[in-house]
Structures are given as structure tokens and as C-alpha cells.
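Remarks on the structure that follows.
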Amino acid sequence: MSEAGIDRIGFATTSLFLDMRDLAESRGVDPEKYTVGIGQLEQSVAPSSQDCVTLAAAAAKDALEGEDLEKIDMVLLGTESGVDASRAAAVYVKQLLGLPDRVRCLELKQACFGETAALAWAMDYVSRRPGRKVLAIGSDVARYGLNTPGEATQGAGAVALLCSSDPKILKIEDDSRFLTVLASDFWRPTYSNCAIARGHYSTEVYLECFSRLWKQYKDETGRSASDFDAFLFHLPFSKMGLKALREVLKEADPERAKVFQDRFEASSAYGRRVGNIYSGSLYLSLLSLLESSLLEEGSRIALFSYGSGAEAEIFSATLREGYSSMLSPLRHLAAINGRRKVEVAEYEHLFSDFPPANPQDYSCDERYFAGPFRLTGIRECQRQYEAEG
Ligand code: HMG
């Protein structure tokens, strides 16, 4: 049986954030609607020099510290804020990381589901090639538009999973149950850099997919809530995951229900401050929970992945012995705590400074260059990326 799983987890977000209370005040909304009703405290704000490529490369760099790059065979990047309709963003990422040309690089798209598809492919690959490694990354800038209901659920960031056949953090079990339904709950036409969301309908589809899959998972595996130590969800905003968790809580005794709730809180700590990072959101919840140190070695976790449109999957994973020594909570908290707060006017300016959807050259504002990689601009229709220094 395969032992494949996750060896290292890297994370990156932008260097700026918006306080949800400031946004609420500016939009004439009670702040508690955002901080309690939706459950978000802050959201990372991306200047145009930070996109799915630079964030993915930064998260991968974080995961690869001290690793032998020669062992990497593939870079698989799940994103729904891709920068080209043809070329995979992973090709730029490979170049920025200095990986050799023999590495295979692909982009996977199905709304927020992309990183789960990358992970599944990585599991198959490393199971057949012991000793080899694959980077499965989810990276996005979530944009709904100024003054839209979705605005409170934006964010930006990336999570990179370094996968191997002898993982040091998490073994991924071969028990996935998945489904696809055609639903117009959320999508982004190619002419737009913002998503269209039917917000309330999207939460209904999400919950319905979870109910269907959780029932199927239990029926077909014989497992129940009591077989798990924690439940993790795709978190477009923390209240969404809480609504799904409530279904599981009904099936758990009060003591275990309290444990699930506490662990859910821990899993949403990073996401409440970074916002929706689309493809990487489930894996940001994973990182947030693991870095809270609440779970013991051997713990079994259920993961629910959801991508609008819609694709959903439930699978489980088991924590490896010594897993905590592979995590970097201080570094990741520093990345979140180190962001500079922007006022609403500056956020609105940055939101509107988006590369044009026409052949004009474009320069990114150098004052916002930050992080290890950046887009400097667009020349002759080609994106110009560079590493810091
Ligand atoms: P809205 O319609 O402005 O908010 O937008 P609302 O009126 O539904 O209120 C939200 C909650 O705040 C409610 O709680 C209110 O009661 C509460 P609930 O009933 O849901 O428990 N509330 C208050 N609480 C405390 N004090 C107050 C107060 N006022 C109200 N004063 C919505 C909310 C999420 C719809 C909007 O932000 C949106 O459209 N977001 C984008 C879509 C989205 O995130 N959907 C999630 C499911 S789809 C998904 O997860 C996939 C996705 O990640 C994309 C992908 O796959 O690529 C989005």
C-alpha cells in the first residue's frame, strides 16, 4: 500500500492587508457582520506586482528550504487566477525557482479545487517513483470587485506541498470520494479579472456537496465522525467551514464535538487574516491547524475540498511521527504579522491598478515590490518576472 503524502508545507502571502473593520466602516456595514457573521478579520491585499506566479514561487521557496532540488520531477500549480490562457503559470514558477529543464510543469484549473487535483496527481506519481518529489501548489488572488458582497471574502496567497513516497508530515490515504455537478454558483468569464458569485446559492451548493459526499464516504468506508481527530474544510471565509462542520457535530458526542470545534477554530486562524486564497485555502487550514500544535502524531484528519462550478472531494490523512519538527509556525506567523496595514483608499487604488487586458506595455509600481519574487511589468505582451536583489 502506498505511503505517499506531504513532506513539507510552504506558505506565502502579500506584504499588505486590509482590516475588515475599516472596510465595514467604509461600506456602511456593521463590522460584526464581517468579523462574526462572515468570520473574517483581515484580508491580504495584492499589488499588481504580486500574482499567482510570484506567490506560488514564494510558497514553493518556503517549502524547499534545505531540500535537494535535484529530486523534484514536477511542479503542478492549481490556480483560477492564471495569468495566461495558454502557458502554465508553473513554467514561470520553475524558472524563478531555478529548477532544471527536465522538470514537468503544468497548471490545473477547477476553481478552488485545483490544488487537490495537483495533490492527487502528485500522490500517483511519487507512489510509483520512490525517492522522487513533486511540488503541488495552490496560488491565487481572489477578486470580486469593489463594493460587491464578495469583497469581504477576498484574499491572496499560496500554499506549496512538497510530496514524496516517504512523507515526513502527513500520509494521504487512498480513500477519496468525489463528485462533479454543473452549478452556476461562481465563475469568472475570460474577459473579467473579477469573479461573478451568486453568494447565497454558492454556500448552498457547497453545503449540499459536503452532505452528499460525507454520506457517501461513511457508507462506502464504514468510517464515522468518531474515527477522526479533526475536520478541515475549504475556507472561502471561516463561517462557511463552520456551517459544514455543524453537520458533523450533530453526529459526535458532546466531548468530541467540543474537540472538533476547537480544532476548527485553530484551522481557521490563518485564513481569518489572509482571506480566501481560493486553490490553497483548504491547505492553509491544514497548515493553520498543524502549526497550532493541537494534534498528536497518528491523528486522522478528514479534508473537504470544494471548487465552485462545482467539484468536491473528501479524503483523509494521517499525521506522521515527528511531524511537528517539519513545520515553521514562527516564520508563517511572521509573514502574516509582518504585513503593512493599508487604509481603504490605498486598497481601492491597488485593486484598480490591474494590468490592462490589451497589448499596451505596463509597469508595476516599484514602491510595492516585496517578497522574493515580483512581476515588474508587461513588455510586448510578455510578463516580466524577477527575483529580489
Ligand atoms: P452577504 O449577502 O452580504 O451577507 O454576503 P449575509 O447577509 O448573508 O450575512 C452574512 C452573515 O453575517 C449571515 O450569517 C448574517 O446573519 C450575519 P449566517 O446567517 O450566514 O450565519 N450578519 C451578522 N452577524 C453579526 N452581526 C451583524 C450581522 N449582519 C449580518 N451585524 C456572502 C455573504 C458570503 C454571500 C458574500 O460575501 C459572497 O458572495 N462571497 C463570495 C462567494 C463565497 O465565498 N461563497 C462560498 C461558497 S462557494 C466556495 O467556497 C468557492 C469559492 O471559494 C470559489 C471557488 O471555488 O473558486 C468562493
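The values are calculated or read from the model by the stated rules, or taken from the named source; none is laboratory data. Keep in mind that this is a model prediction, so the values were computed, not measured. Please note: Cβ atoms are built from the backbone with ideal geometry, for glycine as well, and neighbour counts cover all protein chains shown. Heads up: the accessible areas ignore ligands, DNA and RNA and are worked out on the full protein's heavy atoms, side chains in. Shrake-Rupley method; radii C 1.70, N 1.55, O 1.52, S 1.80 Å.
Which of the residues belonging to region 311-330 are among the acidic types (Asp, Glu) and in a strand (DSSP E or B)?
GLU311, GLU313
Show me the strands (runs of 3 or more DSSP E) entirely contained within region 331-389 in which 3 or more residues are open to solvent by 90 Å² or more (accessible area, probe 1.4 Å), among the hydrophobic types (A, V, I, L, M, F, W, C) and not assigned by TED's automatic domain parsing to the domain that holds SER49.
Where strands (runs of 3 or more DSSP E) fall fully within region 331-389, none carries at least 3 residues being open to solvent by 90 Å² or more (accessible area, probe 1.4 Å), among the hydrophobic types (A, V, I, L, M, F, W, C) and not assigned by TED's automatic domain parsing to the domain that holds SER49.
Residues checked against (1) under 15 Å from the mean Cα position of the chain (by Cα); (2) farther than 18 Å from ILE169 by Cα:
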position: LYS250; (1), (2): no, yes
position: PRO254; (1), (2): no, yes
position: VAL259; (1), (2): no, yes
position: TYR270; (1), (2): yes, yes
position: GLY298; (1), (2): no, no
position: SER305; (1), (2): yes, yes
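Tell me, please, whether a residue that is of a type outside the set (D, E, K, R), assigned by TED's automatic domain parsing to the domain that holds ARG128 and surrounded by fewer than 20 Cβ atoms within 10 Å (Cβ to Cβ) can be found in region 211-224.
No, every residue in region 211-224 fails to be of a type outside the set (D, E, K, R), assigned by TED's automatic domain parsing to the domain that holds ARG128 and surrounded by fewer than 20 Cβ atoms within 10 Å (Cβ to Cβ).
I'd like to check something: does region 262-271 contain any residue that is under 19 Å from LEU119 (Cβ atoms), modelled with pLDDT of 95 or more and surrounded by fewer than 17 Cβ atoms within 10 Å (Cβ to Cβ)?
Among the residues of region 262-271, not one is under 19 Å from LEU119 (Cβ atoms), modelled with pLDDT of 95 or more and surrounded by fewer than 17 Cβ atoms within 10 Å (Cβ to Cβ), which makes the answer no.
Collect the residues in region 185-217 that are within 15 Å of the ligand (Cβ to nearest atom), farther than 19 Å from GLY114 by Cβ and touching a helix residue (DSSP H, G or I) at 6+ places or on another chain (Cβ under 8 Å), keeping them in residue-number order.
GLY199, THR203, LEU207, SER211
Search region 21-49 for residues that are within 20 Å of MET240 (Cβ to Cβ) and hydroxyl-bearing (Ser, Thr, Tyr) and pair each with any residue that is within 12 Å of the ligand (Cβ to nearest atom) and at pLDDT 95 or above when their beta-carbon atoms are under 6 Å apart and the residues are at least 6 apart or on different chains.
Listed pairs, sorted by first residue: TYR34/MET20; TYR34/ALA24; TYR34/GLN40; TYR34/ALA152; THR35/MET20; SER44/GLY155; SER44/GLY275.
Would you point out the residue of region 153-168, among those that are of a type outside the set (Lys, Arg) and over 22 Å from ILE277 (Cα atoms), that is surrounded by the fewest Cβ atoms within 10 Å (Cβ to Cβ)?
Among them, the one singled out is ASP166.
I'd like the full set of residues that are open to solvent by 50 Å² or more (accessible area, probe 1.4 Å), within 16 Å of the ligand (Cβ to nearest atom) and either within 10 Å of PHE304 (Cβ to Cβ) or free of Cβ contacts under 8 Å to residues at least 24 places away in the same chain (or both), limited to region 225-250.
ARG246 - this is the single residue of region 225-250 that is open to solvent by 50 Å² or more (accessible area, probe 1.4 Å), within 16 Å of the ligand (Cβ to nearest atom) and either within 10 Å of PHE304 (Cβ to Cβ) or free of Cβ contacts under 8 Å to residues at least 24 places away in the same chain (or both).
Among what's in region 113-123 and is open to solvent by 10 Å² or more (accessible area, probe 1.4 Å) and either modelled with pLDDT under 95 or part of a helix (DSSP H, G or I) (or both), pick the residue that is nearest to the ligand (Cβ to nearest atom).
Restricting to residues being open to solvent by 10 Å² or more (accessible area, probe 1.4 Å) and either modelled with pLDDT under 95 or part of a helix (DSSP H, G or I) (or both), the top hit is ALA117.
Which of the following residues is not assigned by TED's automatic domain parsing to the domain that holds TYR347 and not small (Gly, Ala, Ser): LEU207, LEU161?
From the options LEU207, LEU161, the qualifying one is LEU207.
Do we find that LEU287 is assigned to a loop (DSSP other than H, G, I, E, B), touching a Phe, Trp or Tyr at 6+ places or on another chain (Cβ under 9 Å) and modelled with pLDDT of 95 or more in this structure?
No; evaluated as a whole, the condition is false for this residue.
List the pairs whose first member sits in region 288-309 and is without any contact (Cβ under 8 Å) to a residue 24 or more places away in the chain, whose second member is in a loop (DSSP other than H, G, I, E, B) and within 16 Å of the ligand (Cβ to nearest atom), and whose Cβ atoms are under 7 Å apart, counting only residues at least 6 apart or on separate chains?
What qualifies is SER288/SER268.
Have a look at SER86, SER44 and point out the one that is open to solvent by 10 Å² or more (accessible area, probe 1.4 Å) and either in the same structural domain as GLU151 (by TED's automatic domain parsing) or among the charged types (D, E, K, R) (or both).
Only one candidate passes the filter, namely SER86.
Just one of VAL126, VAL141 is within 14 Å of the ligand (Cβ to nearest atom) and surrounded by 24 or more Cβ atoms within 10 Å (Cβ to Cβ); which is it?
VAL141
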